[in-house]
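The values are calculated or read from the model by the stated rules, or taken from the named source; none is laboratory data. Because the structure is predicted, anything quoted here is derived from the model rather than measured. Neighbour counts run over all protein chains shown; Cβ positions are idealised from the backbone, glycine included. We work out accessible area using only protein heavy atoms, side chains counted, and drop any ligands, DNA or RNA first. Shrake-Rupley method; radii C 1.70, N 1.55, O 1.52, S 1.80 Å.
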Amino acid sequence: MEGETRSIEKGLLLVNKEESANTTPLLVFTTFIIVSASFSFGVALGHTAGTMASIMEDLDLSITQFSVFGSLLTFGGMLGAIFSATIADSFGCKMTLWISEVFCISGWFAIALAKNIIWLDLGRFFVGIGVGLLSYVVPVYIAEITPKTVRGTYTFSNQLLQNCGVATAYYLGNFISWRIIALIGILPCLIQLVGLFFVPESPRWLAKEGRDEECEVVLQKLRGDEADIVKETREIMISVDASANISMRSLFKRKYSHQLTIGVGLMLLQQLSGSAGLGYYVGSVFDLAGFPSRIGMTVLSIVVVPKAILGLILVERWGRRPLLMASAFGLCLGCISLALAFGLKGVPGINVNVTPTLAFIGILTFVMMFAAGLGALPWIIMSEIFPMDMKVVAGSLVSITNWFTGWIVSYCFNFMLLWSPTGTFIIFATICGATIVFAWCLVPETRGLTLEEIQLRRAH
């Protein structure tokens, strides 16, 4: 009986140690600094949504010129994504974030002070390069410093800060100049620029560089003084020792096909759902449907953050896979509502309020469900499923895929609306439906597993 009591006490002690290792002040502070620039990313995503008319009027732009301006964020992001994983692997996540801030800050200044289309486009392109670097590094950095029990929640905070930035741009776009919004985008970049001096590098990157003692010290600080890090440290060392970066050509071997299909597939489906187009030009969609864009943008700015918080909570309770399918289902319903709204526009006998009402419901559903799941989950899953030997080339490939597809969609979106609003959202609804099937058939559940355990499960 005494032996059983001791075993129970020992078990409770281990559980308490693991729970205390979940969150430490340094882990919270480090995560905040890492994701702070994601707020600037969100401002960039929402900057064109409510300021389209004022920018076109101030600088005398055509719809084609504005579409180029909007799409340059994703084109620059594609360029940043090409080098993001390589820079992070060679110089560490902190240095990559510093480089990204140089591009973001200079880009925002160029936009704020732009007197012509050249400086406006150059600024948007520079911000794109910066957020392209961020988009890969931030989820990977967070995934590598957090314990398995809270990894999804902490990584989802990246999407939360993005949505805070989007909400800020949506709301302020109704009242203040687009130049001031550009200056607001600089503030979180400055916070990260300074804060990075006070946070540790990724323990896994330190181990890869042969800095084993520093890896253990950093891991102990992140987990807390009372936490037992022996097992986690050993797993990291074994994983690093067993891996060597592969070439892009080797990436397409059969043994990597499953992870690569999941990573590339999720990035394609995220962007082909229409998220970039609707996010950049949602104000013009409201106007096209006859719904007051100022009211619509204000409502979106209010609801998008709470829905991201809900996703942050559910990602560890439901798991990645169920949340991904639920989010895609919501996006599909939103697109169907928008297709019906424009399909019924001008039809004899249909009340004139039907189109704006259905369009508002569709946009609200789409934006809320995207914030709760599909916006963050492809990046979270990408940061978890790739082993160390393929993380650099695979991370670069999926990031480029995401940004390139986003560039195509964001550039074509306005022209698609001119072609057929109904047809546009039927296409997007079909792709969202395909996302549900893709997640059901291929995407694994990674909740509650360490990065090393995920790779062991793959191997078996």
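I'm checking my understanding of the structure. Among residues of segment 37-64 that are within 23 Å of the chain's Cα centre (by Cα) and open to solvent by 10 Å² or more (accessible area, probe 1.4 Å), which one is modelled with the lowest pLDDT?
Top of the filtered list is Gly50.
What number of residues in segment 84-132 are farther than 29 Å from Phe198 by Cβ, open to solvent by 60 Å² or more (accessible area, probe 1.4 Å), in contact with a helix residue (DSSP H, G or I) (Cβ under 6 Å, 6 or more places away or on another chain) and not aliphatic (A, V, I, L, M)?
Count: 1.
Which of the residues that make up segment 70-83 are hydrophobic (A, V, I, L, M, F, W, C) and either open to solvent by 10 Å² or more (accessible area, probe 1.4 Å) or at pLDDT 90 or above (or both)?
Residues satisfying the conditions are Leu72, Leu73, Phe75, Met78, Leu79, Ile82, Phe83.
In this structure, is Thr96 over 23 Å from Asn402 (Cβ atoms), in a helix (DSSP H, G or I) and hydroxyl-bearing (Ser, Thr, Tyr)?
no
If Asp225 passes every condition in (1) in contact with a Lys or Arg (Cβ under 7 Å, 6 or more places away or on another chain); (2) surrounded by fewer than 20 Cβ atoms within 10 Å (Cβ to Cβ); (3) among the acidic types (Asp, Glu) but one, which one does it miss?
So Asp225 meets the others, but not (1).
Quick check on segment 171-185: of everything there that is in contact with a helix residue (DSSP H, G or I) (Cβ under 6 Å, 6 or more places away or on another chain) and open to solvent by 10 Å² or more (accessible area, probe 1.4 Å), which residue is nearest to Asp58 (Cα to Cα)?
Arg179
Is it fair to say Arg321 is in contact with a Pro (Cβ under 8 Å, 6 or more places away or on another chain) and farther than 11 Å from Ala372 by Cα?
yes
Scan segment 418-440 residue by residue and report those that are surrounded by fewer than 19 Cβ atoms within 10 Å (Cβ to Cβ) and more than 30 Å from Pro147 (Cβ to Cβ).
Leu418, Trp419, Ser420, Thr422, Gly423, Ile426, Ile427, Thr430, Gly433, Ala434, Ile436, Val437
Condition first: surrounded by fewer than 24 Cβ atoms within 10 Å (Cβ to Cβ), at pLDDT 95 or above and among the hydroxyl-bearing types (Ser, Thr, Tyr). Can you find one or more residues in segment 387-398 that meet it?
No, there is no match, as no residue in segment 387-398 is surrounded by fewer than 24 Cβ atoms within 10 Å (Cβ to Cβ), at pLDDT 95 or above and among the hydroxyl-bearing types (Ser, Thr, Tyr).
Please enumerate the residues belonging to segment 332-342 that are open to solvent by less than 40 Å² (accessible area, probe 1.4 Å) and under 30 Å from Phe39 (Cβ atoms).
Of everything in segment 332-342, those that are open to solvent by less than 40 Å² (accessible area, probe 1.4 Å) and under 30 Å from Phe39 (Cβ atoms) turn out to be Cys332, Gly334, Cys335, Ser337, Leu338.
Among residues belonging to segment 348-378 that are β-branched (Val, Ile, Thr) and part of a helix (DSSP H, G or I), point out the one that is farthest from Ser38 (Cα to Cα).
My answer is Val354.
Looking at Phe329, Phe370, which one is surrounded by fewer than 19 Cβ atoms within 10 Å (Cβ to Cβ), within 25 Å of Asn402 (Cβ to Cβ) and not small (Gly, Ala, Ser)?
Answer to the selection: Phe329.
Exactly one condition in (1) open to solvent by less than 60 Å² (accessible area, probe 1.4 Å); (2) of a type in the set (Lys, Arg); (3) outside any helix (DSSP H, G or I) is false for Lys345; which is it?
With respect to (1) open to solvent by less than 60 Å² (accessible area, probe 1.4 Å); (2) of a type in the set (Lys, Arg); (3) outside any helix (DSSP H, G or I), Lys345 is out only on (1).
Can you confirm whether Phe29 is modelled with pLDDT of 80 or more and under 23 Å from the mean Cα position of the chain (by Cα)?
Yes.
Since Ser67 meets every condition but one in (1) closer than 24 Å to Leu222 by Cα; (2) surrounded by fewer than 24 Cβ atoms within 10 Å (Cβ to Cβ); (3) in contact (Cβ under 8 Å) with a residue 60 or more places away in the chain, which condition does it not meet?
The one condition Ser67 does not meet is (1).
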